[in-house]
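The values are calculated or read from the model by the stated rules, or taken from the named source; none is laboratory data. These numbers were taken from a predicted model, which means no experiment stands behind them. No Cβ is skipped: glycine too gets one built from the backbone with ideal geometry, and neighbour counts run over all protein chains shown. For accessibility, only protein heavy atoms count, side chains too; no ligands or nucleic acids. Shrake-Rupley method; radii C 1.70, N 1.55, O 1.52, S 1.80 Å.
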Amino acid sequence: MSAEVVIVVDGAPVIARAGTSVAVALTETGRLAWRTTRFGGAPRGLFCGIGVCYDCLVEIDGAPAQRACIVPVADGMKVNTRAGHE
Ligand code: FES
(Lines give C-alpha, C1' and ligand atoms only; values in the text may rest on other atoms or scores of the structure.)
Protein backbone atom coordinates (compact mmCIF):
# COMPACT_ATOMS: atom_id res chain seq x y z
CA MET A 1 0.00 0.00 0.00
CA SER A 2 1.42 3.37 -0.97
CA ALA A 3 1.36 6.49 1.14
CA GLU A 4 -1.29 9.05 0.47
CA VAL A 5 -1.37 12.82 0.32
CA VAL A 6 -4.30 15.20 0.17
CA ILE A 7 -4.40 17.79 -2.59
CA VAL A 8 -7.12 20.36 -3.19
CA VAL A 9 -8.63 20.28 -6.67
CA ASP A 10 -10.95 23.14 -7.58
CA GLY A 11 -11.55 23.70 -3.89
CA ALA A 12 -12.30 20.10 -2.95
CA PRO A 13 -9.95 17.68 -1.16
CA VAL A 14 -8.70 14.73 -3.19
CA ILE A 15 -6.70 11.81 -1.81
CA ALA A 16 -3.78 10.97 -4.12
CA ARG A 17 -1.07 8.34 -4.03
CA ALA A 18 2.28 9.84 -3.06
CA GLY A 19 4.73 9.73 -5.93
CA THR A 20 2.14 10.03 -8.66
CA SER A 21 1.71 13.05 -10.87
CA VAL A 22 -1.07 15.59 -10.62
CA ALA A 23 -2.42 14.25 -13.93
CA VAL A 24 -2.58 10.72 -12.55
CA ALA A 25 -4.32 11.99 -9.43
CA LEU A 26 -6.91 13.79 -11.55
CA THR A 27 -7.40 10.75 -13.76
CA GLU A 28 -7.88 8.51 -10.75
CA THR A 29 -10.79 10.71 -9.69
CA GLY A 30 -12.45 9.91 -13.00
CA ARG A 31 -11.52 13.13 -14.76
CA LEU A 32 -10.43 12.31 -18.28
CA ALA A 33 -10.47 15.96 -19.39
CA TRP A 34 -10.04 19.07 -17.26
CA ARG A 35 -9.65 21.86 -19.76
CA THR A 36 -10.86 22.69 -23.25
CA THR A 37 -9.31 24.19 -26.32
CA ARG A 38 -9.82 27.89 -26.86
CA PHE A 39 -11.39 27.32 -30.24
CA GLY A 40 -14.03 24.64 -30.53
CA GLY A 41 -14.03 23.67 -26.86
CA ALA A 42 -12.45 20.26 -27.46
CA PRO A 43 -11.67 18.38 -24.24
CA ARG A 44 -8.07 18.15 -23.10
CA GLY A 45 -6.43 16.23 -20.25
CA LEU A 46 -3.76 13.59 -19.90
CA PHE A 47 -2.46 12.73 -23.37
CA CYS A 48 1.28 12.19 -23.79
CA GLY A 49 2.06 11.89 -20.10
CA ILE A 50 5.67 12.99 -20.60
CA GLY A 51 5.43 16.78 -20.71
CA VAL A 52 5.46 17.22 -24.46
CA CYS A 53 1.90 17.97 -25.64
CA TYR A 54 0.79 20.58 -23.05
CA ASP A 55 -2.75 19.19 -23.10
CA CYS A 56 -2.77 18.72 -19.33
CA LEU A 57 -2.19 22.32 -18.20
CA VAL A 58 -3.45 23.31 -14.77
CA GLU A 59 -2.74 25.99 -12.20
CA ILE A 60 -0.73 24.64 -9.26
CA ASP A 61 -0.34 26.67 -6.07
CA GLY A 62 -1.09 29.83 -8.02
CA ALA A 63 1.36 29.15 -10.84
CA PRO A 64 -0.51 29.02 -14.16
CA ALA A 65 0.04 26.66 -17.08
CA GLN A 66 1.80 23.85 -15.25
CA ARG A 67 2.00 20.47 -16.97
CA ALA A 68 0.10 18.21 -14.62
CA CYS A 69 1.77 15.09 -15.99
CA ILE A 70 5.25 16.04 -14.82
CA VAL A 71 4.46 17.59 -11.44
CA PRO A 72 4.35 15.14 -8.53
CA VAL A 73 1.57 15.56 -6.01
CA ALA A 74 2.45 17.10 -2.66
CA ASP A 75 0.41 17.24 0.50
CA GLY A 76 -1.67 20.43 0.59
CA MET A 77 -1.06 21.28 -3.06
CA LYS A 78 -3.80 23.42 -4.61
CA VAL A 79 -4.76 22.57 -8.18
CA ASN A 80 -7.11 24.67 -10.28
CA THR A 81 -8.19 22.89 -13.43
CA ARG A 82 -10.24 25.78 -14.78
CA ALA A 83 -7.36 28.24 -14.97
CA GLY A 84 -6.42 27.48 -18.55
CA HIS A 85 -9.86 27.60 -20.14
CA GLU A 86 -9.89 31.11 -21.55
S1 FES B 1 -0.06 15.10 -21.00
FE2 FES B 1 1.23 15.94 -22.51
S3 FES B 1 2.29 17.52 -21.48
FE4 FES B 1 1.10 16.56 -19.96
* **For the chain, size of Cβ-based charge dipole, Lys and Arg +1, Asp and Glu -1, in debye** => 240
* **Among V5, L46, M77 - extreme Cα towards positive end, dipole of the chain, charges at beta-carbon** => L46
* Please compute the net charge surrounding A3, taking Lys and Arg as +1 and Asp and Glu as -1 over other residues with Cβ under 14 Å from its Cβ. => -1
* Structure fact -> With the 1.4 Å probe rolled over protein heavy atoms, the chain has an accessible area per residue in Å² of 59
* To do: Heavy atoms only, probe 1.4 Å: what % of the accessible area of the chain goes to carbon and sulfur, would you let me know?
  => 57
